[in-house]
1. Pairs of alpha-carbon atoms within less than 8 angstrom and 6+ residues apart define the contacts here; what relative contact order does the stretch 24-212 have, in percent?
2. Rg to Rh for the stretch 24-212: what is it, with Cα atoms only and Rh by Kirkwood?
3. Mind ordering 49-62, 113-126 by average Cβ neighbours within 10 Å, highest first?
4. When averaged across all projection directions, what area in nm² does the alpha-carbon convex hull of the stretch 71-166 cover?
5. Sort 152-162, 91-101 by the packing proxy (mean of other Cβ within 10 Å over each peptide's residues), most packed first.
6. Quick one: net charge of Thr158's neighbours, Cβ under 12 Å, K/R +1, D/E -1?
7. As I understand it, the dipole of the stretch 24-212 uses +1 on the Cβ of Lys and Arg and -1 on the Cβ of Asp and Glu, about the Cα centre. Which of Thr62, Val143, Ala174 lies farthest toward its positive end?
8. What number comes out for the charge environment of Cys121, summing +1 per Lys or Arg and -1 per Asp or Glu over other residues with Cβ under 13 Å away?
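Please treat every number below as a calculation from the coordinates, not as lab data. Quantities reported herein were computed from a predicted structural model and do not represent experimental measurements. Cβ: placed from backbone, ideal geometry, glycine included. Neighbour counts: every protein chain shown.
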Amino acid sequence: MIRNALCTIALLLALHIAAVSSGKSYAINNSNDLKTLKLKPGDTVVIRSGVLKDQAFHLKGTGTKEAPIVLMAEKAGMVKLTGQSTLKLDGQWLIADGLFFTDGYSLKEDVVAFSKKSAYCRLTNTTIKNYNPPSDETEYKWVSLYSTNNRLDHCNITGKNHQGATVVVWLSEAPNYHSIDHNYFGGRPPLGRNGGETIRRYQRLVVSSFLYFG
């Protein structure tokens, strides 16, 4: 009986490992390609290297802790998002990795937004550099975190010079439990009025191991 039980446990474990490792890999050229995909736990989407202008990447889906859904650059830093490019993480257990926002600005949307439906999502190894509009009175955030248990880590966020906090953790009815860790926040010139914070936060938040040089 014990032997049968052990065999059953081993079989269930093998099935679990197979399910976790069964995700598909997709290579895409732009945000329109991403829209055509119905992503499942364990799937990985690789953006081919290049300069992409006016892209609205909307990563949707429900991954798991063991098998998140990943959107990543083919080579970190070599997918340059320019013009009016943005990213939205809109689901659970989603990861965006290795992107580079530069040579552009948003018209009104936040550059990166963790949506109100997001949970356990992560932006990592990503750069947002000098992503500024022509007028410093134009307001948008570079990173907005809504919902709960999201993470911003190992990112380079440098050179914001216009209205609006660089990173905002938005108010919710429950504690947020977001994590902002191991990031580099580069110099931000004085705005001369309210609205020039680097991090604006509400409720419980873990902020650790980040560098800021003004």
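1. 14
2. 0.95
3. Per-residue mean Cβ counts within 10 Å order the peptides as 113-126, 49-62.
4. 5.4
5. 91-101, 152-162
6. +3
7. Of the candidates, Thr62 comes out farthest on the positive side.
8. Charge balance in the 13 Å sphere: +4.
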